[in-house]
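Read through the structure below, which is laid out as structure tokens, and then see the notes.
The values are calculated or read from the model by the stated rules, or taken from the named source; none is laboratory data. The model shown is predicted, which means the values in this text are computed figures rather than measured ones. When we count neighbours, we look across all protein chains shown, and the Cβ atoms used for this are built from the backbone with ideal geometry, even at glycine.
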Amino acid sequence: MSLSAILWFFAVAIGPVLLGGAIAYGKYRERRYSSREQAESRASVERLYQEKGDEPESASPEPDRHHRKVNS
């Protein structure tokens with residue numbers, strides 16, 4: 001087999017498999033925050049706003065980072 005054929009085989013067959021594996025590994029390692037961690041995060045943000053004397057831009061909680069709402 002020539003070098004160019006080996007490179008094309010890698011690019012066409014093995015490359016996508018490696019890319020899919022990397023994406024699957026990333027999704028596997030991604031974790032969601034527990035409700036306690038979300039509450040602690042919100043409390044920390046509120047405490048920072050109070051220290052600066054500023055008001056948050058909106059009183060509604062931030063949307064979950066995994067389920068973004070798409071504006072139509």
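Selection of segment 29-52 for residues being among the hydroxyl-bearing types (S, T, Y) and more than 19 Å from the chain's Cα centre (by Cα) yields S44, Y49.
The rows are residues; the columns are (1) at pLDDT below 90; (2) surrounded by 10 or more Cβ atoms within 10 Å (Cβ to Cβ).
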position: M1; (1), (2): yes, no
position: F10; (1), (2): yes, yes
position: L19; (1), (2): no, yes
position: A24; (1), (2): no, yes
position: K27; (1), (2): no, no
position: R36; (1), (2): no, no
position: R42; (1), (2): no, yes
position: V45; (1), (2): no, yes
position: G53; (1), (2): yes, no
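Is it true that R65 is assigned to a loop (DSSP other than H, G, I, E, B) and modelled with pLDDT of 75 or more? No: the conditions fail for R65.
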